[in-house]
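Asks: Here you go, one structure.
Readers should treat all values here as calculations from the given coordinates under stated rules, not as data from a laboratory. Note that the structure is a prediction, hence the values are computed from the model and not measured. Ideal geometry is used to build each Cβ from the backbone, glycine not excepted, and the neighbour counts take in all protein chains shown.
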Amino acid sequence: MTGAAYALLGPTASGKSRLALELAARLPLEIVAMDSAQVYRGMDIGTAKPGSAERARVPHHLLDLVDPDQVYSAGRWRTDCIGIVVEIFKRKKIPLIVGGTMLYYRALVSGLDALPAADPATRSALKEKAQRLGWPALHAELARVDPTAAARITPNDSQRIQRALEVFRLTGSPLSALQGRAQAVLPFTLEAYSLVPEKKLLDEKIATRFDAMLEAGLVDEVRALRRKFRLTADSPSMRAVGYRQAWDFLEKNSTEEQLRERAVAATRQLAKRQLTWLRGFAGVKPAEHLESALQLGSKSCR
């Protein structure tokens, strides 16, 4: 059996998980996580990962897939997601894909661009140059070779600047020229909905949620991960917002006050980028229409 799957998109702290659980209490749903940080085992507090109680109430998928010292790609998530959705259909349930990792959503609906794999030597050279000149200087270099990509990337977004320059050095072509060439066919239809709170409310929720993470022991969680796994500040898992700032705190590169201030600011910047992604996706409807669509979908599952 195949049918329609549904996606609930939105910026971090917008309330997607809470809404999904509320809907699952009334409808035959299984939740498929679309979160590039929740795939890591042991990263629970800083990712707002659903706990055992939530997972007991509603089946959740694509959580706790790899250890934090491993790499998990958008391509792997796409493959895993399609497989899980098909299995959910077989159980005559409705798949609800929930998350804010917009790269994963784009990979799901559009496929993956033919980009080169990461090259350690190129990355090392770029990082060394950034240590000497600063990431804004490398952003200026990117603006000369790929102004389209540079316009989408902030001068301090080291990860994306590094990747864009890496692609240019390896291929001789701008990243923006290589993106958008992929084509994808899904074995099911997909309807997407977005949950976007008013900006002031979202900013407040981001700050409140991070305070709760600190209270719940985020710093201790990162400290334990550092003891258990071979991690560095450049590990993909530790680049996640909140974890990066907690890492700096443990390295004595910030105070507790700076940890909070920097993490809240970084989370708000993340939300801003997620909203930019959202505006670029076609056919995404407001979340207020999701429940009625799911009710119609549930009839086809009977």
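Asks: For P(r) over Cα pairs in 10 Å bins from 0, in percent, pick the label among [x] 5, 19, 25, 25, 14, 6, 3, 2, 0; [y] 6, 22, 30, 25, 12, 4, 1, 0, 0; [z] 6, 25, 35, 25, 8, 1, 0 that corresponds to the value derived from the coordinates.
Replies: The listed entry that was calculated here is [z].
Asks: State the extension gain, in nm to one decimal, for the chain segment bounded by residue 66 and residue 125, taking 0.36 nm per residue of separation less the distance between their alpha-carbons.
Replies: Result: 18.4 nm gained on full extension.
Asks: Counting other beta carbons within 10 Å of each Cβ, put 234, 67 in order, fewest first.
Replies: Arranged by neighbour count, lowest to highest, 234, 67 become 234, 67.
Asks: Over the range 147-302, what is the relative contact order in percent, taking alpha-carbon pairs closer than 8 angstrom and at least six residues apart?
Replies: Computed over the range 147-302, the figure is 25 percent.
Asks: Rounded to the nearest whole Å³, what is the per residue volume of the convex hull around the Cα atoms of the range 120-178?
Replies: 65
Asks: Arranged by the count of other C-beta atoms within 10 angstrom, fewest first, what order do 284, 167 take?
Replies: Fewest-to-most Cβ neighbours within 10 Å comes out as 284, 167.
Asks: Further question on the same structure: Give the angle, between 0 and 90 degrees and rounded to the nearest 10, that separates the Cα long axis of helix 74-90 from the longest principal axis of the Cα atoms of the chain.
Replies: With rounding to tens, the tilt is 10 degrees.
Asks: Something else: Taking R0 as 45 Å, what FRET efficiency do you get between residue 204 and residue 90 from their Cβ-Cβ distance, rounded to the nearest 0.05?
Replies: Efficiency, from the Cβ-Cβ distance: 0.60.
Asks: Once the Cα atoms of helix 135-145 and of the chain are each reduced to a long axis, what angle between those two axes, in degrees from 0 to 90 to the nearest 10, is obtained?
Replies: Between the helix axis and the principal axis of the chain, the angle is about 80 degrees.
Asks: If you don't mind, there's one more thing I want to ask. Can you tell me the relative contact order of the chain? Whole percent, Cα pairs under 8 Å, sequence separation 6 or more.
Replies: 29
Asks: Between residue 79 and residue 159, 0.36 nm times their residue separation minus their Cα-Cα distance comes to what?
Replies: 26.4 nm
Asks: At 222 nm, what value in deg cm²/dmol follows for the chain if DSSP H runs of at least 4 each add -39500 (n - 2.57) and the sum is divided by all its residues, to the nearest 500?
Replies: -16500 deg cm²/dmol
Asks: Report the per residue volume, in Å³, of the convex hull enclosing the C-alpha atoms of the range 87-193.
Replies: 130
Asks: I need 94, 82 ordered by Cβ neighbour count within 10 Å, fewest first.
Replies: By the 10 Å Cβ count, ascending: 82, 94.
Asks: Let me ask something else. Within the chain, what's the longest run with no GluC sites (Glu not before Pro) in a DSSP loop and at most 10 other beta-carbon atoms within 10 Å? Give the range, please.
Replies: The longest uninterrupted stretch comes out as 1-197.
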